[in-house]
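The next block holds one structure in the form of structure tokens; read it before the comments.
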Amino acid sequence: MTTSKIQYSLLNFCLCAVCCILAALLWGIQANHRSQQRKSEQEIQQLHRLLEEKRQDELKLKLFTLKQLSNVLNDPGGVQKFGAMAKEMVLDLAPHYRHDPYLWWVLLKTNVLADGISLDDAKKILGEPQKFTTEPAFGKPPYYEWHGGEEKITADLVEGKFQFWRTGRIGSIGGY
């Protein structure tokens, strides 16, 4: 072999060796990255679980606080004084406790569910109704009902707006 061929072969060998070493390094870096990524994903999942637990604790505390306000909300002066706070809490709680008759009572006391609210707005607060009529019957306008255990909240739909909100036991006709 000539010297130039030997040098060329040696150069090829060195380049191949460097490429193999770089490939091994890249494979190691990639494996380390995947391991760190899995660890980060597990930490994120754990943080999501913790956040959800804290959110549930916050909702329970708000519900407890709201129930403590029941005597205050029975007094018109109490509604005037604490109504805005109760309204904020009940709106935060309503999507999580849609079938809670106590929350319905607070929604009515704080005028969240008041005459003139639209069907879409009521659905945002109470969810989908369990029962409704679309046509007047027996001289009464169409009505919508939301159920919670043995209790229900009902309102008449007049010209696309709810009127005459009332609560009662399931089984009474149209909530009357």
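Where a number appears in this text, it was derived from the coordinates with a stated rule and is not lab data. Values in this document were obtained by computation on a predicted structure and should not be read as measured data. We place every Cβ from the backbone using ideal geometry, glycine too, and count neighbours over all the protein chains shown.
Taking one quarter of the surface of the C-alpha convex hull of the chain gives a mean projected area of 19.6 nm². The local environment of Ala84, defined by Cβ-Cβ distances under 14 Å, has a net charge of +1 under the rule Lys, Arg +1 and Asp, Glu -1.
Counting only alpha carbon atoms, the long axis of helix 3-68 and the longest principal axis of the chain meet at about 20°. Among the listed pairs Lys60/Lys81; Lys62/Lys123; Lys54/Lys81, a Cα-Cα separation exceeding 27 Å is found for Lys54/Lys81. Taking 13 Å as the straight-line reach from the Cα of Lys124, the aspartates and glutamates in range (excluding those fewer than 8 positions away in the same chain) are Asp92. A simple spin-label model places pseudo-atoms 7 Å from Cα toward Cβ; at Val18 and Arg49 they are separated by 4.9 nm. Using a Gaussian network model of the chain with C-alpha springs under 10 Å, which one of Gln37, Gln46, Gln130 is most mobile by mean-square fluctuation? Top of the fluctuation ranking is Gln37.
Across the chain, the longest run free of exposed loop sites, meaning GluC sites (Glu not before Pro) lying outside DSSP classes H, G, I, E and B with no more than 14 other Cβ atoms within 10 Å, spans 1-149. Start at zero, step by 10 Å, and the Cα-Cα distances of the range 25-112 spread as 16, 33, 16, 12, 11, 8, 4, 0 percent across the bins. Farthest toward the positive end of the dipole of the range 1-135, out of Pro101, Asn111, Cys16, is the Cα of Cys16, where the dipole comes from beta carbon charges about the Cα centre. Only Lys, Arg, Asp and Glu carry charge here, each on its Cβ (+1 for the first two, -1 for the last two); on that basis the chain has a dipole of about 600 debye about its Cα centre. Quick one: angle between helix 76-93 and the longest Cα principal axis of the chain, in degrees between 0 and 90, rounded to 10, please. So the helix axis and the longest Cα principal axis differ by about 40 degrees.
In a GNM of the chain with a 10 Å cut-off on Cα contacts, which of Leu51, Leu113, Leu93 has the highest mean-square fluctuation? Of the options given, Leu51 has the highest mean-square fluctuation. Each principal axis of the range 115-176 carries a Cα extent, and these read 29, 29, 17 Å when sorted largest first.
Between Trp27 and Asp92, the distance separating the two model label sites (each 7 Å from Cα on the Cα→Cβ line) works out to 5.4 nm.
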